[in-house]
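Let me begin by presenting the structure, written as structure tokens, before commenting on it.
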Amino acid sequence: MEKLGLSCVKIWRMKVIINAFFKAPVILLLMNFTTNSCSNNDGDAAASEISKASGAYELIELNVNPSQDINGDGTASSNLLDELSCISGTLSLKSNGTYGFNLIGIEVTTIANGQFFIDCAAERNSDSSWNIQNGLVTLFADVTTTPYMLVDDRLTRTVSEDLPGIQSVVYLRQ
């Protein structure tokens, strides 16, 4: 090889240049295909989740523990919507990532010995942003976030606190 004027170093450099020339476009093509296919699928999946979650929801459960008989009908219920007719709520998740929220909830006052006075609270309204990832809908308001799980047409927020706290809140798509 020395007779041809090519040293081993020059041959090695030529091999590297040739390999880089032929392999680089294949690697770049594969990287481009992988990047595009991932980003498109992620965007489609996110759009699908937003579409699935968007819509109007109505409050159907405001659950507490232990069950209460606030209306005095002799039947205690863990769902306070069965006990107080003034409780109501709506939630509108818009496809542009904003929501509107209206709620007449509850005020709980601890009396003594596990006894509580429960009454309807003042109306609350909120408008802000929301997102969804893997079925977890998160509402953003000021510095707080409120998580809900979307299963079929139900949005459920699980708190798991006994009175004076709440167990869960459930909205149903209308």
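Read the figures in this text as sums done on the coordinates, not as results from a lab. Source: prediction; values computed, not measured. Note that each Cβ is placed from the backbone with ideal geometry, even for glycine, and that neighbours are counted across all protein chains shown.
How about region 42-83: which of its residues are assigned to a helix (DSSP H, G or I) and more than 21 Å from the chain's Cα centre (by Cα)?
If the condition is that a residue be assigned to a helix (DSSP H, G or I) and more than 21 Å from the chain's Cα centre (by Cα), then L80, L81, D82 are the ones that fit.
Do we find a residue being outside any strand (DSSP E or B) and either polar (S, T, N, Q) or surrounded by fewer than 13 Cβ atoms within 10 Å (Cβ to Cβ) (or both) anywhere in region 93-100?
yes
Any residue at all in region 115-137 that's hydrophobic (A, V, I, L, M, F, W, C), closer than 15 Å to V170 by Cα and surrounded by 11 or more Cβ atoms within 10 Å (Cβ to Cβ)?
yes
Of all residues in region 89-106, how many are of a type in the set (G, A, S) and in contact with a Cys (Cβ under 9 Å, 6 or more places away or on another chain)?
Total meeting the criteria: 1.
Can you run down the residue pairs with Cβ atoms below 8 Å, 6 or more apart or on separate chains, where the first is in region 151-162 and more than 15 Å from N65 (Cβ to Cβ) and the partner is of a type in the set (D, E, K, R) and assigned to a loop (DSSP other than H, G, I, E, B)?
none
Exactly one of (1) touching a Gly at 6+ places or on another chain (Cβ under 9 Å); (2) charged (D, E, K, R); (3) loosely packed, with under 12 Cβ neighbours inside 10 Å is unmet by D142. Its number?
Condition not satisfied by D142: (1).
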